[in-house]
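The values are calculated or read from the model by the stated rules, or taken from the named source; none is laboratory data. Keep in mind it's a predicted model, so treat the numbers as computed, not measured. Here the Cβ positions follow ideal geometry from the backbone for every residue, glycine too, while neighbour counts run over all protein chains shown.
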Amino acid sequence: MTTLAENRTSAGPRGVRVRRRGVTFKPAYILVAAWIVGVLGPYAWTFVTSITPPNELGVRSSNLWPQHPTFASYIDLLTRTPFLQYLGNSVFVAFGTVATTVVFSLLAGTALSRFRFRGRGVILFGVLLVQLIPAVLLIVPLYTELKTLGLLDSKIGLILVYTTFALPFSTWLMKGFVDQIPVEIEEASLLDGCSKFKSFFYVILPLSKSGIAAAGTYAFIYSWNEFLYALTFTSSNSSRTMPVGLQQFVGENTIRWEFLTSGGILAAIPIIIGFMFAQKSLVAGLTAGAVKG
């Protein structure tokens, strides 16, 4: 038997809300659905293109789904192109950037949060100001430095460059997070006989896991997707990362859409998996690091 509450229909100046059988419909749901389609639509279209045979890509058709879907492009991408080498380079560079960024940002953020020294405000302002410099303006000086150090066309050089740009934001993030750790906990550890180093290792480090996850995720996404510096500072397959490797499938007269789209889908998988595992820690870290220090 349907109750009156289940069949209630109400109208207001801001829209219409209909409740039937315990389900509430709001006009905002239409906007949410449109937003989801707008965000996921390009990825879905990319996947459909990746499983479309090359002879159907250039044919005009009203069908949204290919007549003969196939995963041959993925097999050819992995066996007939240097895609796996590009993937390995990206993994090495991304994890190297994450490791160096997390270590130095945690140390710098802890120092800026816990110690008061002359020039601290200038350093904080300078770290923030670095984020405003356009990346293209630093191509020439960075190229000169890498050439002088013999790090051109090397993965180590890319790690140093990416760490340079990921470190300022990560430092601010870690400082805001360390600010939320009560100083009394550190003081209690010092009274129990811990040194400054042990207090940092046993107190600040475990309580900063969410902030570390947030900083590491940011550094990973930045280094995984960065294209300009990887294109400028690498010239061989031994050091090219994924974005530059996918750009090799775009020629002067032809574009290998089957390789470009299938490679894009495979390149997005690590990001999705990383977010699935780090979602809770990432949200907690970003929320804690957003407070005013």
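The figures follow:
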{"item": "Subset tally (residues that are in contact with a helix residue (DSSP H, G or I) (Cβ under 7 Å, 6 or more places away or on another chain), in a helix (DSSP H, G or I) and of a type in the set (A, V, I, L, M)) for the range 178-187", "result": "2"}
{"item": "Residue satisfying all of: in the range 9-45; exposed (fewer than 10 other Cβ atoms within 10 Å of the Cβ) and among the charged types (D, E, K, R); modelled with the highest pLDDT among these", "result": "R21"}
{"item": "Residues located in the range 146-177, provided they are in a helix (DSSP H, G or I), farther than 12 Å from L128 by Cα and not β-branched (V, I, T)", "result": "L146, K147, L149, K155, G157, L158, L160, Y162, M174, K175, G176, F177"}
{"item": "Residue in the range 92-104 that is over 23 Å from P243 (Cα atoms), modelled with pLDDT of 90 or more, of a type in the set (V, I, T) and out of contact with any strand residue (DSSP E or B) (no Cβ under 6 Å at 6 or more places or on another chain) present", "result": "yes"}
{"item": "Some residue of the range 158-171 being modelled with pLDDT of 90 or more, within 20 Å of the chain's Cα centre (by Cα), assigned by TED's automatic domain parsing to the domain that holds V130 and of a type in the set (G, A, S)", "result": "yes"}
{"item": "Residue satisfying condition, being surrounded by 21 or more Cβ atoms within 10 Å (Cβ to Cβ) and touching a helix residue (DSSP H, G or I) at 6+ places or on another chain (Cβ under 7 Å), within set L152, L173", "result": "L173"}
{"item": "Selected residue (criterion: farthest from T52 (Cα to Cα)) from residues of the range 64-89 that are surrounded by fewer than 11 Cβ atoms within 10 Å (Cβ to Cβ) and among the polar types (S, T, N, Q)", "result": "T79"}
{"item": "Inter-residue pairs, beta-carbon under 7 Å, first surrounded by 10 or more Cβ atoms within 10 Å (Cβ to Cβ) and in the range 111-139, second of a type in the set (S, T, Y), 6+ apart", "result": "V127/T171; I139/T232"}
{"item": "Members of the range 108-126 that are in contact with a Ser or Thr (Cβ under 7 Å, 6 or more places away or on another chain) and either outside the structural domain of K196 (by TED's automatic domain parsing) or not hydrophobic (A, V, I, L, M, F, W, C) (or both)", "result": "G109"}
